[in-house]
């Protein structure tokens, strides 16, 4: 399965397990295993670079297991094949999102004019407050 130009997932890295799903479907729900549980062995994957694995772990959240696999559970449709496609699409989207490196933050300086403006405002506010209080007899 091709994710990006650099990343491709082999079939042995994916495991699909079909289970019964709840929701609408009548008697069909009790007979047919339409929900899919897609498991991707991300930590053991030789095709994912280290930084991508780290970002993927952070993005996956609760879907990341202790043994380093991503588990995606889909039971939206009544069709097993459609649920399977949805699960694969979600996995691809998650890996593509992790493949994009975040931009570095540029440190910026506060311009001297803004510092001066802030100090002038503080000074003015302090003068207003100092004028409050009891009026002395002159």
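The numbers here are math on the coordinates, done by the rules we state, and not lab data. Computed from a predicted structure; not experimentally measured. Neighbour counts are summed over all protein chains in view; Cβ atoms, including those assigned to glycine, are modelled from backbone coordinates with ideal geometry.
Side notes on the structure shown:
- Mean residue ellipticity, 222 nm, helices only, the chain: the sum of -39500 (n - 2.57) across DSSP H runs of n ≥ 4, divided by residue count and rounded to 500, is -12500 deg cm²/dmol.
- Global form of the chain, assessed from the alpha-carbon gyration tensor, a/c cut-off 1.5: prolate
- Residue 104 paired with residue 62, simple spin-label distance in nm, labels 7 Å along Cα-to-beta-carbon: 3.7
- Label-point separation in nm, residue 8 to residue 116, each point 7 Å along Cα→Cβ: 6.2
- Taking a ≥ b ≥ c as the square roots of the eigenvalues of the Cα gyration tensor, the stretch 85-138 is classed as oblate, since a/c reaches at least 1.5 and a/b does not exceed b/c.
- The packing ranking of peptides 81-87, 4-10, highest mean first, is 81-87, 4-10, where packing means the average number of other beta carbon atoms within 10 angstrom of each residue.
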